[in-house]
Every structure is written in C-alpha cells, then in structure tokens.
Amino acid sequence: MALTSGWSYRADPAAQGVAQGWGARPPAGGWRSTTVPGVMDDALGPADFQGQVGWYRETFTAPPAAAGFDWALRFGAVRRKAQVWLNGVPVGGHDDPYVPFDLPARGLRPGALNTLVVRVDSHKSPLVREGWWNWGGITRPVQLVPRGALELRDPGFLSQVSCPAGGGCRAAMLLDAMVVNRGPAPQPRPVLRVHLRPPGGGRAIDARLAVRALAPGEQAHVRLRVPVGSPRLWSPEDPALYAATATLSAGNVAQQVERRAVGLRSVRVVDGMLRLNGRQVDLRGASIQEDVPGHGAALTGADIRGIVRGLQAVHANVTRAHYLLDDRLLDALDRAGIMVWSQAPIYHRDRLLQTAAQRARALATLRGTVLAARSHPAVITHSVGNELSTVPDTVPGTRAYLDAARRLVQQLDPTVPPSVDLLSYPGYPRQETYARFPLLGINSYFGWYPGKAAHPTGRLADLGPFLDRMRRMYQGSGLVVTEFGAESTFAGPASEKETYAFQTSYIKDVLHQLDARPWVGGAIYWTLREFAVKPDWDGGADRSVARDAIHNKGLISYAGVRKPAWATAAHDFGATPLYRTVSPTLAAGLPQGGGGGSPFALVLAVLAVLAVLCVDAWAVAGILDLRLPARAPVPEPAPDLTRRSAPAPR
C-alpha cells in the first residue's frame, strides 16, 4: 500500500519538536499540505545548505492484515536523518540519506485511522564533503508492506552468464537472500520457489529450494540457481527482461512474494578490458544528479521519464551518480538499456575512515547501496568510493576500508566487478590497494583544474600520457574515464574558460585522446544536466563572476536548455559503437608504446597488426576508418545561450 496522499509538513527551525512531544502529540496548527516524495524547501538559500529540521504527518486507514501477518513501513529514502512515530509510538529511525529502510509498524490499527509522524533532520556534518545541494525531506516513496512469520530479506536477483570465446553463452538467474523466522514458533520446512517467464513469452522456468528448519529469530543465507536455456541477454541494443517471481512459503501458505523484472548479462574484466556479454565495450554517457527544479531530489514519475529521455537523446549507453539512485529510476534505466556505474557515497572521506567505527559506518552504507542496486541488470559495477587518497597504501584507514569494501562487494554481488573512482594526479606511484580492484574509474579534469604544484593537471595534452602510465601500472584492471567536464555559462572564444566554445572544444579533445587508446573502456561526462551545489561553489574557472549555487558543467542548463556542447557529445556518443572491433594486439601494444617501451617492439607490434589487417583486407570496409557509426550522427544545433542559466525557483 503506497502512502502517497494526505501528507502535511511543519517546519521546526528551533528544533524544539522532540522536547515538546510532537511525535506522540503533533500540534494542531502550523501545518501545510505537502507531497511525498518531497523536499522541505525547494529554494536555494545559502543558510538552507547547512540543513534544517521539519516534521511530516499523514493520516491513513490501514487495511486488515491476514492471519499470522503484520505490517512494516518501507521508506525509499529520507535525507538525512529520520525519526518515526506511528499512533504516538516510536517505531525507529534511520540516518543514511540515500538507501532504503524498513521499520516495524508497531501500534498500527487495522481498519481504523492511523497517524504517521516523521521528523527529518537534514543537517550535514562539515566533514562530509558532498558538494551537491543538501536537499532534505522524504525524498522517495513510502509504503506499507505485509510481513509474515517468514521473511525473505534483501532478495537479490542476480545474473550468472558465461560467454566463451567461441560463442554460445550459458546463463542462470541466481536468487540470493536471507530467510528469517520472525515468528514465535519454529519453522521446520520453509520452501523458496522461483517462477521465471522469458521476455516476449515462451516456456516458463520453475525452481524450488527447501530451506533448513529455522528456530524463532534464526536466519539462513540461501542461494537458488535457476538455469536458463537459450538465454536472451540484456544489453543496450536489446534490454530484454525476464519476469521473476520469488515466493517464500511455510507449509502451503505464502509468507512473502517478490516480483521483479530481471535481466541476464555478463560483465567482466578480461586482460584489463571491460566486457559486456563477452565483448569489449567502449562506453559513452553522462552522469546525473537527482535534482529537478521545483522538486529537488524528490523525483516525480515525469521527472524520471525526463531523465531517461535526456540520456537517450544524447545517445548515452551509460550513466553514473555519486549515490544510490531511486529504485524507480533504476527500473526505468533497466527498461531503456542504459547501463549504470553505481556508486556508494563514500566521497572524499579519508578523514571519516580513520577509526574502525567510521569504517563500519561506511561499509554499512556500501552494503545498503549494493543490496538495493544488485537486482538491476543495468548496474554493471558497484563503486566503493569516489576520489579518496591518491596513496591509500600509506593511509591505513583508507587502505583498510578499500580492501574490506572490495571483498564486501564480491560477497554481495559476485556477478559484476567491484570498482573505485580515482583522482587523476600525475606522478604518483602504483598503489597495490587500487591494483586489487578489477575495474578503476578515472576522474579526469586535465585542462580544467590546475591540480597540485608537484602534480599539475592544467594541460589537457597531459591526459593521454597520464592514461598511458595508468595502463602500465594497472594492466590487470579495466580503465574507464568516469568523470570529465568543464563549466560553461556564456558565449565567447574557445580559448577562454567557461565559455560554451571552450566546453565544446574540451569535450572533443578529451574524446579524441580516448579514441587513440582502445584499451580505455569508455567515457562518462560530468554531467548531463546542471544541478544545485553548495553556495561557495566557484566551478574551477577562477573567474570573478557572480555565482548562483548551480554546477555549470552540465550539457543542459538547470532550466532545461541544451548547450552547444550537447550536440558535440550527442554526435560522438551516437557515432561510437558500443563494442570495440580493434585488434587485441593493437589494444595490448599501445600502452607499452605510450612511454618507456622499446621502439623496436612497438614497430613489430604495429607491423603485426598491419599484417593481420592486410590478410583480411578484402573483408574490411574502410580499413583506415574502423570507427563506423552505430547510429546516424545528430546535427549540431546552435541554440541561443547568451544568458546565464536560470537559478532554481524560489
């Protein structure tokens, strides 16, 4: 049962509501009608970034529960801290702003009116360096869900696919979950069943697992493997989805039923190359923030459709965010065939990884992120952090977190490679901590930010040599440029930072350097659309112009207007085939030739490649242009963008 209507909101600027007992006895006056999902304030006042306190209230009639069942409250997300009361009874709280959580609906009155009260505190610790706007509120849906004596907790519908070099992929769907006995009596014969219907019809597949007997309060980890003959694999060209139903029963009584649209696909790193369904990929896409004018981080269905349409229009086959995306958005990306570089919000947090308790908290965030994202076929990796120390081998807390985080991802979702996204500063030595990750994200701002005195990044031309060195240092890891971008707010020459022309030229130059390195697994621009940021954000252009708390690196303005660079990105993304056709010899040989390798060995490698190509010359169309367009290029419009992006509505 979705709790979507009848909500009201009351601000608590003095944070006096708890002391005055608002949870048990909400005040009669001072409330205004609001929506959930929603944010406490859609304005961008400088003081609001530090956070505020507000209260939500809803009155609803609860349906009766079946015999042996009760109810739980499921929150998609509350930013940042939640305390919850039901009919005056405290039922729990939560303080992770991006992951879903359940609370027992203690004190619920079936068939009668019930009052749900939620206190939200969006104040953010200054040690948390998230630069995006600190939206506060109940930002994702709230539901009332039934619970039986047996619970299927954190079910993950995982894809097991093996694609040998000779073809003929083999596949299975793996259901991973905890079975929990919530009741007061032993459960001698729990049974887990899965029903899988192929996309487009066809013969359904059924599987069954007898779970061991469970005493009251006991739980068991289960994995049920469902082989799928002649699988139809999920991919951006064919986002095929199977209809999966998992039923947990006690005797003949169904205790919990979970339904999901699931996809079968293989994501692996082989010899330092990222592969989807056995084929090397060259990703193209743009990152997103859940931030829409007027709604902030509380997305509506129309907002979600608009984000997906925006990615499709720019021909993105991948996207990325700094935190777990709304499950409704992940569902839409599954259907659209847009891959997701999913990431836990462990962002610039070395200072918050020093103690065992701090690391345990970060790992809990990572766990919640992976468990919520792992059933989505669009998710191709779980990144455990963003822009941590460049030398984790010498930072004990960061090293300990990264090692534990990598192992945790492999445990929770062994079907995709764990990853971590790195700062791009040249001159640092190889880090064994990072080398243990099969997939590395490269956040590059060469040519935009100046970097450090001993590790400069001011010249865009230095990006290529940096990537060559990264390839030599981390030959066993796949490399993807997960972040690059330049601010743009006004018209002017390409030689001047922050102009539309500079941004356009910047994108062309970065992608040109990546095209020359076929072992790079792709590029994700930062970001598709502008979003709100902290009030003191300067964008890195070092210009003395007024700022409006808007991050201006987007291809689309906050007001929704496409910038000239959007057409440049759309043209490249649309003309770049998803799968690499380059010779493996060439892919392996280029990094060694990028600096310090033997010239004679490089010549031999190039001659070997030419020989291979010439032998098959009759079958190769356009031997001098191996990058054939996968889709028709998008014409480059020339919109009028001489004015600054509009600030958020107030």
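Let me confirm something: among Tyr347, Tyr323, which residue is more than 21 Å from Pro199 (Cα to Cα), surrounded by fewer than 22 Cβ atoms within 10 Å (Cβ to Cβ) and outside the structural domain of Leu158 (by TED's automatic domain parsing)? Outline the logic, then answer.
Working: Tyr323 fails: surrounded by fewer than 22 Cβ atoms within 10 Å (Cβ to Cβ).
Testing whether each residue is more than 21 Å from Pro199 (Cα to Cα), surrounded by fewer than 22 Cβ atoms within 10 Å (Cβ to Cβ) and outside the structural domain of Leu158 (by TED's automatic domain parsing) leaves just Tyr347.
The rows are residues; the columns are (1) over 27 Å from Val314 (Cα atoms); (2) in contact with an Asp or Glu (Cβ under 9 Å, 6 or more places away or on another chain); (3) not β-branched (Val, Ile, Thr).
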residue: Ala336; (1), (2), (3): no, no, yes
residue: Trp341; (1), (2), (3): no, yes, yes
residue: Leu352; (1), (2), (3): yes, no, yes
residue: Ala360; (1), (2), (3): yes, no, yes
residue: Ala364; (1), (2), (3): yes, yes, yes
residue: Ala373; (1), (2), (3): no, yes, yes
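Among (1) outside any strand (DSSP E or B); (2) of a type outside the set (Asp, Glu); (3) within 20 Å of Pro37 (Cβ to Cβ), where does Arg106 come up short?
(3)
Within the range 341-361, how many residues turn out to be touching a helix residue (DSSP H, G or I) at 6+ places or on another chain (Cβ under 6 Å), of a type in the set (A, V, I, L, M, F, W, C) and under 14 Å from Leu324 (Cα atoms)? Let's see the steps before the verdict.
Of the residues in the range 341-361, the ones touching a helix residue (DSSP H, G or I) at 6+ places or on another chain (Cβ under 6 Å) are 342, 344, 346, 350, 352-354, 358-359.
Keeping just the survivors that are of a type in the set (A, V, I, L, M, F, W, C) gives 344, 346, 352-353.
Filter once more, so that each one left must be under 14 Å from Leu324 (Cα atoms): 344, 346.
Matching residues across the range 341-361 total 2.
Go through the range 108-127 and report how many residues are of a type in the set (Lys, Arg) and either within 21 Å of Leu3 (Cα to Cα) or at pLDDT 95 or above (or both). Step through it out loud before you land on a result.
Start the filter on the range 108-127 by keeping residues that are of a type in the set (Lys, Arg), which leaves 109, 119, 124.
Next cut, either within 21 Å of Leu3 (Cα to Cα) or at pLDDT 95 or above (or both) only: 109, 119.
So the count comes out to 2.
Starting from residues that are part of a helix (DSSP H, G or I) and in contact (Cβ under 8 Å) with a residue 12 or more places away in the chain, keep the ones in the range 290-306 and report whichever is surrounded by the most Cβ atoms within 10 Å (Cβ to Cβ).
Ile304
Just the residues that are assigned to a loop (DSSP other than H, G, I, E, B) and buried (at least 23 other Cβ atoms within 10 Å of the Cβ), please, taken from the range 232-265.
So in the range 232-265, the residues assigned to a loop (DSSP other than H, G, I, E, B) come out as 232-241, 251-252, 263-265.
Within the range 232-265, Trp234, Gly263, Leu264, Arg265 qualify.
Sort out which residues of the range 170-192 are part of a strand (DSSP E or B), closer than 22 Å to Asn252 by Cβ and touching an Asp or Glu at 6+ places or on another chain (Cβ under 7 Å), and write them in order of number.
The first filter runs over the range 170-192 and keeps only residues part of a strand (DSSP E or B), leaving 170-181, 187, 190-192.
Filter again for closer than 22 Å to Asn252 by Cβ, leaving 175, 177, 179-181, 187, 190-192.
Listed by number, the residues that qualify are Ala177, Val180, Asn181.
Out of Val142, Val179, report the one residue that is among the hydrophobic types (A, V, I, L, M, F, W, C), under 30 Å from Val120 (Cα atoms) and crowded, with 18+ Cβ neighbours inside 10 Å.
On the way: Val179 fails: under 30 Å from Val120 (Cα atoms).
Exactly one of Val142, Val179 is among the hydrophobic types (A, V, I, L, M, F, W, C), under 30 Å from Val120 (Cα atoms) and crowded, with 18+ Cβ neighbours inside 10 Å, namely Val142.
Which residue, of Thr433, Thr394, Thr390, Thr381, is closer than 19 Å to Asp350 by Cα and touching a Pro at 6+ places or on another chain (Cβ under 7 Å)? Give the derivation first.
On the way: Thr394 fails: touching a Pro at 6+ places or on another chain (Cβ under 7 Å); Thr390 fails: touching a Pro at 6+ places or on another chain (Cβ under 7 Å); Thr381 fails: closer than 19 Å to Asp350 by Cα.
Answer to the check: Thr433.
Within the range 38-90, which strands (runs of 3 or more DSSP E) (wholly inside it) include 2 or more residues that are of a type in the set (A, V, I, L, M) and under 17 Å from Val118 (Cα atoms)?
Details: elements: 53-61, 70-75, 81-86.
Filter on the range 38-90 gives 70-75, 81-86.
Within the range 266-281, restricting attention to residues that are surrounded by 15 or more Cβ atoms within 10 Å (Cβ to Cβ) and in contact with a helix residue (DSSP H, G or I) (Cβ under 9 Å, 6 or more places away or on another chain), which residue is nearest to Ile338 (Cα to Cα)?
Gln280
Looking only at the range 128-157, filter to residues that are outside any loop (DSSP other than H, G, I, E, B) and within 21 Å of Asp41 (Cα to Cα); which one of those is modelled with the lowest pLDDT?
Within the range 128-157, the first condition is being outside any loop (DSSP other than H, G, I, E, B), and the residues that meet it are 132, 137, 142-147, 150-157.
Those left that are additionally within 21 Å of Asp41 (Cα to Cα): 132, 137, 142.
On the way: Trp132: 94, Gly137: 97, Val142: 98.
Here the answer is Trp132.
Say whether the condition of being more than 23 Å from Asn252 (Cβ to Cβ) and either crowded, with 22+ Cβ neighbours inside 10 Å or among the hydrophobic types (A, V, I, L, M, F, W, C) (or both) is met by at least one residue in the range 208-219. Spell out how you get there, then give the answer.
First, pick out the residues of the range 208-219 that are more than 23 Å from Asn252 (Cβ to Cβ): 217.
After this cut, where a residue has to be either crowded, with 22+ Cβ neighbours inside 10 Å or among the hydrophobic types (A, V, I, L, M, F, W, C) (or both) as well, the list is none.
Checking the range 208-219: not a single residue is more than 23 Å from Asn252 (Cβ to Cβ) and either crowded, with 22+ Cβ neighbours inside 10 Å or among the hydrophobic types (A, V, I, L, M, F, W, C) (or both).
Between a residue in the range 455-469 that is assigned by TED's automatic domain parsing to the domain that holds Thr390 and any residue that is in a strand (DSSP E or B) and surrounded by fewer than 18 Cβ atoms within 10 Å (Cβ to Cβ), which pairs come within a Cβ distance under 8 Å, given they are 6 or more apart or on different chains?
Hits for this filter: Asp462/Pro456.
Give the number of residues within the range 26-50 that are more than 31 Å from the chain's Cα centre (by Cα) and either in the same structural domain as Ile304 (by TED's automatic domain parsing) or surrounded by 12 or more Cβ atoms within 10 Å (Cβ to Cβ) (or both). Full working, then the answer.
Kept after step one, since they are more than 31 Å from the chain's Cα centre (by Cα), are these residues of the range 26-50: 26-33.
Next, only the ones that are either in the same structural domain as Ile304 (by TED's automatic domain parsing) or surrounded by 12 or more Cβ atoms within 10 Å (Cβ to Cβ) (or both) stay: 26-27, 30-31.
Residues in the range 26-50 being more than 31 Å from the chain's Cα centre (by Cα) and either in the same structural domain as Ile304 (by TED's automatic domain parsing) or surrounded by 12 or more Cβ atoms within 10 Å (Cβ to Cβ) (or both): 4 in total.
Kindly indicate which of Arg359, Arg328, Arg309 is in a helix (DSSP H, G or I), basic (Lys, Arg) and buried (at least 19 other Cβ atoms within 10 Å of the Cβ).
On the way: Arg328 fails: buried (at least 19 other Cβ atoms within 10 Å of the Cβ); Arg309 fails: buried (at least 19 other Cβ atoms within 10 Å of the Cβ).
Exactly one of Arg359, Arg328, Arg309 is in a helix (DSSP H, G or I), basic (Lys, Arg) and buried (at least 19 other Cβ atoms within 10 Å of the Cβ), namely Arg359.
The values are calculated or read from the model by the stated rules, or taken from the named source; none is laboratory data. Keep in mind the model is a prediction, meaning the values are calculated, not measured. Methodologically, a virtual Cβ is constructed for each residue, glycine included, from the backbone with ideal geometry; neighbour enumeration extends over all protein chains shown.
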